[in-house]
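Contents: one structure, followed by commentary.
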Amino acid sequence: MTRSGAAHPLTHRTATLDDLPALHGLIDRAIATLQQGFLSPQQISASRHVMGLDTQLIRDGTYLVVEREGAIVGSGGWSYRATLYGGDQSVVAREVAELDPAQDAARIRAMYTDPACARQGIGRQVLTLCENAARARGFRRAEMMATLAGEPLYRACGYIPIEQVTAGPIDGVSVPLVRMGKAL
């Protein structure tokens, strides 16, 4: 595959609930593989209770998938709701209250790339699509809770750290995260 995707172009669309089996597989592979070198095996295991897909994003129509030849190779979303991070299975409490675009930051959520397609611009593409959609909805800022593995990409895309956060402990293990933000 070429980096530009010329041989196998990337397409994107809004995710549907029918995508859930493929998304769960993608997310599982991404967590297991891309966190290596940033988290210990115990932290990777514990992070599964913190990370994941919040299907509210799909129901809201704000979760996107990137495909190559019909296979989902990346995903991510944005939200106009107060929840900053965490999936359906997460120990993190979710807040469905809607944010005020004039005062609050849109939430960038649940960004995942298939490890076989990492460093091919997929995460950057998803992030740009999410930022554009949030901007179109009136948001002037975006925030996210980044994993240590995702932090370098987000910094390269203009996000700055707001605070270091530790999730857990989960089964006696804490997971380091970084809250990041950016002006849109």
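Close amide-amide hydrogen proximity is noted between Asp54 and Asp88, each under 5 Å apart and 5 or more residues distant or on a separate chain (H modeled in the peptide plane; Pro and chain starts excluded). The Cα atoms of the chain cover 45, 41, 32 Å along the three principal axes, with the biggest extent listed first.
When each of the peptides 48-54, 169-175 is scored by how many other beta carbons lie within 10 Å of its residues on average, the order from highest to lowest is 48-54, 169-175. A protection proxy built from the mean count of other Cβ atoms within 10 Å ranks the segments 64-77, 94-107, most packed first, as 64-77, 94-107.
Residues of the range 118-160 falling in the label zone of Arg29, defined by backbone nitrogen less than 16 Å from a point 7 Å along Cα to beta-carbon, are 118-123. Both numbers refer to the Cα atoms of the range 78-179; Rg and Dmax are 14.0, 42 Å.
Only the coordinates and a few stated rules stand behind these numbers; no lab work does. None of the values given here were measured: they were computed from a predicted structure. As a convention, Cβ positions derive from the backbone with ideal geometry for all residues, glycine included, and neighbour counts pool all protein chains shown.
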